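Please read the structure below before turning to the comments.
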Amino acid sequence: MTTDQTNNNAPNKEAVKHYLLSLQDSICTSLETLEPEKKFLQDSWVREEGGGGRSRVLVDGDVIEKGGVNFSHVYGSQMPASATAHRPELAGRSFEAMGVSLVIHPNNPYVPTSHMNVRFFIAEKEGEDPVWWFGGGYDLTPYYGNKDDCIHWHQTAKNACDIFDENYYPRFKKWCDDYFYLKHRDEARGIGGLFFDDFNELGFKKSFSFMQSIGDSYIDAYLPIVKNRYQDAYTDKERQFQLYRRGRYVEFNLVFDRGTLFGLQTGGRTESILMSLPPLVRWEYDYKPEKGSKEAELGDIFLPAQDWII
């Protein structure tokens, strides 16, 4: 991946910000179609060191138990440690970071949790060319596996990538499988999707278009799954398994997630950063699902990395 951005076109920060704000609007509007009685509540915030954002949260809906769709735009004179850990040459540069990040935790255990993030970073230093990149992706975390859902999710992701390069989907799917992996549990968080970072290889305009393609495809990937599953009948046993598996989600976000670390290290708003955590969760010591059960199928059949599109 090249880091030479000088031979294409200069980054347009305002265009990126405009897109991200409109993406937040469109996603919230689409998700609100599921909730006849609930709307996202907006909470704007200012970061003392520079920047701010607007958080939108919906809780206790008919379909969505807790959902957050956040926009943030922060800047400062020093890159945080989480950003320079894999790019040490950026230490000492000023930075701007903006993005939309969301997590949807549904009520029904048969509806998967989903996560999406698209973001833009730029690091600048007087007398030197700016260094910029895009990142993001989306991933799906089911509690009860459904093959049709997995295929639809991954096919939508592939379609969004293939417009640019047919090698992008397998490349960024593998990155997602590797990234959303709980090393201490030796298991995947979910069934994956896409993950990309440090992306600038198409020059600014086309790299920006690629990020937009991913962001725009999220609702196409997720909303049909929710509509197909949210009325499925379930018991308290299935609800308790959902709460248990949510614990894995919490463990990943607090131990491994780079976005969480970046937000906390840059003095971001804690309530907005941790809005990704589910409202209810449980841990059970040394839990093992009954062999052959629907609960066991999740780990035996669905969580191992695999090619969902044949």
Seminar exercise, completed: Flagged in segment 196-216 as within 21 Å of Ile104 (Cα to Cα) and open to solvent by 10 Å² or more (accessible area, probe 1.4 Å), in numbering order, are Gln212, Ser213, Asp216
Exercise. Is there any pair with a first residue in segment 217-243 that is among the hydrophobic types (A, V, I, L, M, F, W, C) and a second that is at pLDDT 95 or above and assigned to a loop (DSSP other than H, G, I, E, B) whose Cβ atoms are under 6 Å apart and which are 6 or more apart or on different chains, and what are they?
Worked result: Val226/Val111; Leu243/Leu280; Leu243/Val281; Leu243/Arg282
Exercise. For the subset of segment 203-254 comprising residues that are at pLDDT 95 or above, part of a helix (DSSP H, G or I) and of a type in the set (Ser, Thr, Tyr), which member is nearest to Lys147 (Cα to Cα)?
Worked result: Tyr222
For this session: Output the residues belonging to segment 33-65 that are within 19 Å of the chain's Cα centre (by Cα), under 22 Å from Gly215 (Cα atoms) and either crowded, with 20+ Cβ neighbours inside 10 Å or not aliphatic (A, V, I, L, M) (or both).
Result: Phe40, Gly53, Arg54, Ser55, Arg56, Leu58, Ile64
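Take the residues of segment 265-280 that are of a type outside the set (Ser, Thr, Tyr) and surrounded by fewer than 17 Cβ atoms within 10 Å (Cβ to Cβ): which is nearest to Leu41 (Cα to Cα)?
The residue in question is Glu271.
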For this session: Output the residues belonging to segment 66-85 that are surrounded by fewer than 21 Cβ atoms within 10 Å (Cβ to Cβ) and in contact (Cβ under 8 Å) with a residue 40 or more places away in the chain.
Result: His73, Gly76, Pro80, Ala81, Ser82
Problem set entry | Total residues in segment 160-199, condition at negative phi, part of a strand (DSSP E or B) and in contact with a strand residue (DSSP E or B) (Cβ under 7 Å, 6 or more places away or on another chain) | 7
For this session: Tell me, please, whether a residue that is assigned to a loop (DSSP other than H, G, I, E, B), within 30 Å of Tyr19 (Cβ to Cβ) and not β-branched (Val, Ile, Thr) can be found in segment 268-276.
Result: yes
For this session: Taking the options Leu303, Leu254, name whichever one is touching a residue at least 60 places away in the same chain (Cβ under 8 Å) and among the hydrophobic types (A, V, I, L, M, F, W, C).
Result: Leu303
Problem set entry | Scope segment 152-181; condition under 17 Å from His115 (Cβ atoms) and open to solvent by less than 40 Å² (accessible area, probe 1.4 Å); matching residues | Trp153, His154, Thr156, Ala157, Ala160, Phe172, Lys173, Cys176, Asp177, Tyr179, Phe180
For this session: Specify which of the listed residues (Gly259, Gly292, Gly247) is free of Cβ contacts under 8 Å to residues at least 24 places away in the same chain and either open to solvent by 40 Å² or more (accessible area, probe 1.4 Å) or in contact with a Phe, Trp or Tyr (Cβ under 6 Å, 6 or more places away or on another chain) (or both).
Result: Gly292
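The values are calculated or read from the model by the stated rules, or taken from the named source; none is laboratory data. Please read all numbers here as calculations on a predicted model, not as lab measurements. Here the Cβ is made from the backbone with ideal geometry for all residues, glycine too, and neighbour counts use every protein chain on show. Areas reflect the complete protein model, heavy atoms only, side chains present, ligands, DNA and RNA absent. Shrake-Rupley method; radii C 1.70, N 1.55, O 1.52, S 1.80 Å.
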